[in-house]
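J.: What follows is a structure written as structure tokens; I'll ask about it next.
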Amino acid sequence: MTMTAAARMDQYILFRKNKRVCLRDEDMTILKLSRIFQVSSDSLYLTDDSNVAIFAGESSGVFSSLDLSPRGHYEVHGEDDVAPGSSTTGQRFAFSRRSSTVTSGSLQGASAALPRATSKIFQRSVYLAEVVGGKLNPSRMVMVRFAECEASLQGIATKVQDAIGSHEPLILTDAQGNAIVESEGTTGSPYWRQNASKILAVPEKDFTELQGTKRRRMSRKNEEVGGIVEVTDKIEELVLASQSLPDVTLAIRELTSLAAVQRLTLTHSQLQAIKHGFSCAFCLKLMTEPLFTQCCQNLIGCKTCVEEWLRSSDTCAKCRGSV
């Protein structure tokens, strides 16, 4: 029981495309993996659940158990082999491998070679969005993989274009539809890796249309607010002006006193005061659709009479001030 449990704990789950196998420590070699998954041995490497690349030892061709986790899941990468067991021809695949197992002696033997470093691979999901009803609507998701050197606005946009098989210009935005701009803050894997905020990819023409819709809505909103303010100001102006009309104030006071004392019985002078206060300065009849002046702040006359007056004059009929 103990040996069986230990053997199971030393196994690893490897997959590539639709093929999935469970292997033990002694099977974790470049030779065996290349035969099982039909991948060129020159280009074969693994990635773990965190998308960290893992390479076999250069001299041994074995994946070290120190780099692997028992029962861990690992994806196999590399160029497809021409035929099972055959080697590739032409230009060989070059990839940086781990340097932790290299000894000082091997470094001296490879003094002409360039320093090798582990290339970390990241991945993240990007949502393709379209404009529906003036709003961004995510339609589907694509997964992109990128290295640190590709972690930039242009790099991710290119990756998305490659993933969807189209080179139509794209605008990358946040979840609120605000365009992401190239800057120091948006350059590097901390911004673009999977646990970062939601990112949308919008065709440039759709994004331009969306911005135009937003500007029109804002313009209409400003016009509505401006119209309300204008009407409010005019109402306040009318109230203030009407409160200071001397003829109207006098007539109202006369009527109030008259109603309290004599009810409907009016003297000749009182009738004349009321008539004077509410008579048109032009036709001398009681005003119809009365207008008031801003210059002397008085009721002046009927709307039609005032409009007729203004056709031939640009002064107030009462104070002769500028209209």
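J.: If each of residue 285 and residue 149 carries a label point 7 Å out from its Cα toward its Cβ, how far apart are those two points in nm?
T.: 9.4 nm
J.: Just add up the charged neighbours of residue 38: K/R +1, D/E -1, any other residue whose Cβ is under 14 Å from the Cβ of residue 38.
T.: Working: positive: 16, 17, 19, 32, 35; negative: 42, 79, 80, 81.
Every neighbour counted, the sum reads +1.
J.: Using label points projected 7 Å from each Cα along Cα→Cβ, tell me how many nm separate residue 186 and residue 120, to one decimal.
T.: Inter-label distance under the simple model: 2.3 nm.
J.: What order do you get for 122-130, 143-151 when each peptide is scored by the mean count of other beta carbon atoms within 10 Å, highest first?
T.: On the way: 122-130: 18.2, 143-151: 15.4.
Ranked by mean Cβ neighbours within 10 Å, highest first: 122-130, 143-151.
J.: By its C-alpha gyration tensor, with a ≥ b ≥ c as the square roots of the eigenvalues, how is segment 131-184 shaped: rounded for a/c under 1.5, else prolate for a/b larger than b/c, else oblate? Walk me through the intermediate numbers first.
T.: Working: a/c = 2.15, a/b = 1.38, b/c = 1.56.
Verdict is oblate for segment 131-184.
J.: Taking θ as phi - 60°, what are the ³J(HN,Hα) couplings along segment 20-28 by the Karplus curve (6.51, -1.76, 1.60), each to the nearest whole Hz, with x for Gly and Pro?
T.: 9, 9, 10, 10, 9, 3, 5, 8, 7
J.: Using only Cα atoms, what is the ratio of the radius of gyration of segment 153-217 to 2.2 N^0.38 Å?
T.: Numbers: Rg = 12.5 Å, N = 65, 2.2 N^0.38 = 10.7 Å.
Rounded to two decimals, the normalised Rg is 1.17.
J.: Taking amide hydrogens as modeled 1.01 Å from N in the peptide plane, which residues meet the under 5 Å criterion relative to residue 121, leaving out close sequence neighbours?
T.: Residues meeting the criterion, in which the H sits 1.01 Å from N, are 53.
J.: Once the Cβ-Cβ distance between residue 132 and residue 158 is put in as r, and R0 is 25 Å, what FRET efficiency do you end up with, to the nearest 0.05?
T.: Details: r = 26 Å, r/R0 = 1.04.
It comes to 0.45.
J.: Once amide H atoms are placed 1.01 Å from N in the peptide plane, what residues at a sequence separation of 5 or more from residue 130, or on another chain, have their amide H within under 5 Å of its amide H?
T.: Hits under the 5 Å cutoff: 137, 139.
J.: Same structure, new question: With r as the distance between the Cβ atoms of residue 217 and residue 322 and R0 = 35 Å, compute the FRET efficiency 1/(1 + (r/R0)^6) and round to 0.05.
T.: After rounding to 0.05, the efficiency reads 0.30.
J.: A further question follows. Using R₀ = 30 Å, calculate the FRET efficiency as 1/(1 + (r/R₀)^6) where r is the Cβ-Cβ separation of residue 198 and residue 58; round to 0.05. Intermediate values should be presented prior to the final figure.
T.: On the way: r = 41 Å, r/R0 = 1.37.
For R0 = 30 Å, the calculated efficiency reads 0.15.
J.: So if I take the centroid of the Cα atoms in segment 288-305 and the same for segment 129-206, what is the distance between those two points in Å?
T.: 64 Å
J.: With every protein chain left in place and a probe of 1.4 Å, what is the accessible surface of residue 25, to the nearest 10 Å²?
T.: The accessible area comes out at roughly 60 Å².
The values are calculated or read from the model by the stated rules, or taken from the named source; none is laboratory data. Computed from a predicted model, the values in this text were never measured in an experiment. In this analysis, Cβ positions are derived from the backbone assuming ideal geometry, glycine residues included, and neighbour counts consider all displayed protein chains. With ligands, DNA and RNA removed, areas are computed over all heavy atoms of the protein, side chains included. Shrake-Rupley method; radii C 1.70, N 1.55, O 1.52, S 1.80 Å.
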